[in-house]
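Just below is one structure, and these are the notes that go with it.
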Amino acid sequence: MGIQIDVVVSYPINDEVERVLGLAEAVGEPVTVTFVWEGDRDTEYAVLVPAATLALWEHWAPTAYEHPATREEPELAHPETFGAFTLFRRRAGGRTAVVRDGVVVAELLHPEEAHWLDERARNVRQGFMDPKQKAAFEEFLARQASLDEQ
């Protein structure tokens with residue numbers, strides 16, 4: 001899925017994170033990111049999904065994803081700013097919204113959730129016919145000779 005990028009975040013030098021967020025926004029497709037934080041913070045794995053892609057996936061996915069790790073109540077965290085981007089970690093669902101100039105441009109999702117949403121959306125979308133396509137297909141079938149006439 002998308003591009004694989006490994007990022008070493010050197011806190012408080014945050015231009016690396018800003019560059020990755022900008023790259024993902026420019027590419028316009030999901031980017032897998034590994035955050036290796038300095039200090040005692042654990043390494044985080046996430047998929048940075050542009051807002052438009054996530055909206056498309058969520059439109060086509062028939063149900064919501066519930067990751068086992070998100071059942072726990074996550075601790076409250078302050079927003080983190082990296083240059084022009086601010087990350088807002090959601091307490092429900094485990095996602096992190098990436099905001100630039102007051103607009104959500106992407107979200108960080110757990111890799112399993114991103115894969116699940118992508119697969120579900122693709123499966124449903126492939127089985128869907130828009131109304132014009134469906135009408136044309138029905139017309140095509142109506143013009144076909146029956147098995148008795150062949």
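The values are calculated or read from the model by the stated rules, or taken from the named source; none is laboratory data. Computed from a prediction, not measured in an experiment: that's the story for all the values here. Here Cβ is always computed from backbone atoms with ideal geometry, including for glycine, and neighbour counts include all displayed protein chains.
With the requirement that a residue be among the charged types (D, E, K, R) and at pLDDT below 65, what does the stretch 48-74 give you?
R71, E72, E73
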Flagged pairs (Cβ under 9 angstrom, 6 or more apart or on separate chains; first in the stretch 40-60, on the phi > 0 side of the Ramachandran plot; second surrounded by 14 or more Cβ atoms within 10 Å (Cβ to Cβ)) are none
Would you confirm whether or not the stretch 126-148 contains a residue that is at pLDDT 85 or above, assigned to a loop (DSSP other than H, G, I, E, B) and of a type in the set (D, E, K, R)? no
Output for Cβ contacts, cut-off 6 Å, separation at least six or different chains, first residue farther than 16 Å from A52 by Cβ and in contact (Cβ under 8 Å) with a residue 40 or more places away in the chain in the stretch 99-124, second of a type in the set (A, V, I, L, M, F, W, C) and assigned to a strand (DSSP E or B), reads P111/V47
Among the residues that make up the stretch 15-38, is at least one of them within 14 Å of E113 (Cα to Cα), at pLDDT below 80 and loosely packed, with under 15 Cβ neighbours inside 10 Å? no
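If the requirement is being modelled with pLDDT of 85 or more and loosely packed, with under 14 Cβ neighbours inside 10 Å, which of these qualifies: T86, T81, T96? Give the steps one after another, and end with the answer.
On the way: T86 fails: loosely packed, with under 14 Cβ neighbours inside 10 Å; T96 fails: loosely packed, with under 14 Cβ neighbours inside 10 Å.
Exactly one residue qualifies, and that residue is T81.
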